[in-house]
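Below is one structure, written out as structure tokens, with a few remarks after it.
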Amino acid sequence: MNDQFLQNAFLFRQPILNRRQELAGYQLSFQSGEEVGDDDATTRRGAGAPLCAAYSELGMRSALGNTSAYLGVDADFLQQEAIELLPPQGVVLELLLDGAPTQPTLTRCRALVERGYSLALSNYQGIDDHSRPLLPLVSVVKIDLHHADQARLEELAGSLRQLPLKLLAQAVDSQAQMECCRNLGFALFQGRYFAQAEIVSGRRLSAAHASLIRLCNLVGRDVDTAVIEDAFKHEPALTLNLLRIVNSVGRLGNRSTQPVTSLRHAITLLGRRQLQRWLSLLLLAPGNNGNDSLDPSRSPLLQVAALRGRMMELLVAVGKPRDHKLSDLAFLTGILSMMPVALGLPIEEILEQIAVEREVSKALRQHEGLLGTILALLECFDHDDAACCDSLLSRLPGNYDRQTLNTGLSAALSWLNGNDD
């Protein structure tokens, strides 16, 4: 594979969560601007070789950390030796087969399992000539919710209940669907249902959310540090967490080697922009009380927000590499774009309570300016909309193309998993 392929297709990913609603992996797929329905297995046939090559060349094994990459492979690519260059512990090979598997296919599957690879059976439709020979070999069976109503779902799950494998619900669109599948014994859930929420104007915020928003508002305004310090003193859990993060040289980038014992000292060392980043991320973190670490594995929503923030930062740097202030604002824009989901409030009401710069407000409210266009681009990228991505890439000034997004995704994932300084 070469750079030309990365320039001609998008590397999309669908999150896969476990029963604890923690990130377990990603379904990776390639799609060009002319293709549609990428979630359908038929659009992924023949993409096995370039997808596996991209996995290696983009450093996705390191980028994904302890999670797995689900890669679709058809019968032809299954026989190629190149597949064995993939790390057995880092991938799940999803079998995209037409009809009953041939004897060479079954022999190859057994050999791959003996080498430590995990196999997944795609689009399970019941025990038949297609699935029966493969069920003893696979560790994951995928059932597409778009192709099964409630009764059919119960039937399909019931037919596999006694087998030593995991059921994966594909195309989960809502929390209710996830709960239904979990009650039926599903162990894995693919989709962006966790990023869907009911937005209600005037919704009452929790005390923890209200406190964090008050602090965000203070930090975003030109107030004396003493005012911010006093506000923190009324939030002891947040204060302790702030001191711990600054002392331990957390992932927000502070490099001080001096012990920090003063709250004012911690605020000064961290800086206003980094402090606003941290508080904004806490609004998305589980618990929202300052005692929780900002570990994305505990909250897929936090993971999406941090990933979007980092990708915005990287993409702004492509067009304006020396504009560090705009890069800071880009990260904050990415985080804040997920606040409506986290808080259940329209972005307009959130921005009435949090002080942000004009560029950020315009990006979040109307998708205006460079930040707004990049935000819209990443929203399309998250929803596997290749045509929309192409349209927005053409509106950006400078050297933006499909490869820019693909490499930006890999770099942002590496950063998120602590593999990028």
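The values are calculated or read from the model by the stated rules, or taken from the named source; none is laboratory data. In this text, all values refer to a predicted model and were calculated from it rather than measured experimentally. When we count neighbours, we look across all protein chains shown, and the Cβ atoms used for this are built from the backbone with ideal geometry, even at glycine. Please note that ligands, DNA and RNA were not included when accessible areas were found on the heavy atoms of the full protein model with its side chains. Shrake-Rupley method; radii C 1.70, N 1.55, O 1.52, S 1.80 Å.
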message = Just to be sure I follow the rule: in the chain, considering lysines 8 or more places apart or on different chains, how many pairs have Cα atoms under 30 Å apart?
response = 4
query = What full-extension length gain, to one decimal in nm, is calculated for A82 and D149 as 0.36 nm per residue of separation minus the Cα-Cα distance?
reply = 20.3 nm
message = With unit charges on the beta carbons (Lys and Arg positive, Asp and Glu negative) and the dipole taken about the Cα centre of the chain, which residue among Q89, L393, S299 sits farthest to the positive side?
response = S299
task = Can you tell me the 0 to 90 degree angle between the C-alpha axis of helix 236-247 and the longest principal axis of the chain, rounded to 10?
result = 80 degrees
ask   = Can you give the accessible area of H146 in Å² (nearest 10), computed on protein heavy atoms with a 1.4 Å probe?
value = 120 Å²
DSSP bridge orientation in the chain - percent antiparallel, rounded to nearest 5 = 30 percent
request  = Report, to the nearest 10°, how far helix 386-395 tilts away from the longest principal axis of the Cα atoms in the chain, using its own Cα long axis and a range of 0 to 90°.
outcome  = 40 degrees
inquiry  = Can you give me the distance in nm between label points at S62 and Q125, each placed 7 Å from the Cα along the Cα-to-Cβ direction?
reply    = 4.3 nm
ask   = Against the longest alpha carbon principal axis of the chain, how many degrees, from 0 to 90 and to the nearest 10, is the axis of helix 272-284 turned?
value = 50 degrees
ask   = Which trypsin sites (Lys or Arg not before Pro) does region 318-398 hold that lie in a coil by DSSP with at most 12 other beta carbons within 10 Å?
value = R322
remark   = From most to least accessible, 1.4 Å probe, no ligand or DNA/RNA atoms counted, C380, C109 line up as C380, C109
Choice from A226, A285, A24 showing the highest fluctuation, given a GNM over the chain with Cα pairs closer than 10 Å = A226
task = Have a look at the chain and give its Rg and Dmax from the Cα atoms, expressed in angstrom.
result = 22.9, 74
Spacing of the two label points (7 Å from each Cα toward its C-beta) at Q366 and A176, in nm = 3.7 nm
request  = Per DSSP H run of at least 4 residues, take -39500 (n - 2.57); add these up for the chain, divide by its residues and hand me the 222 nm value, nearest 500 deg cm²/dmol.
outcome  = -14000 deg cm²/dmol
task = Starting from the Cα of A100, move 7 Å in the Cα-to-Cβ direction to define the label point; list residues of region 111-126 whose amide nitrogen is under 18 Å from there.
result = 125-126
task = With viscosity set to 0.692 mPa s and temperature to 37 °C, compute the Stokes-Einstein D of region 72-200, Rh being the Kirkwood radius across alpha carbon pairs; µm²/s, no decimals.
result = 211 µm²/s
ask   = Once both labels are modelled 7 Å past Cα along the beta-carbon direction, what's the A111-R244 spacing in nm?
value = 5.1 nm
message = Please list the three semi-axes, largest first and in whole Å, of the ellipsoid equivalent to region 319-421, using sqrt of 5 times the eigenvalues of its alpha carbon gyration tensor.
response = 22, 16, 15
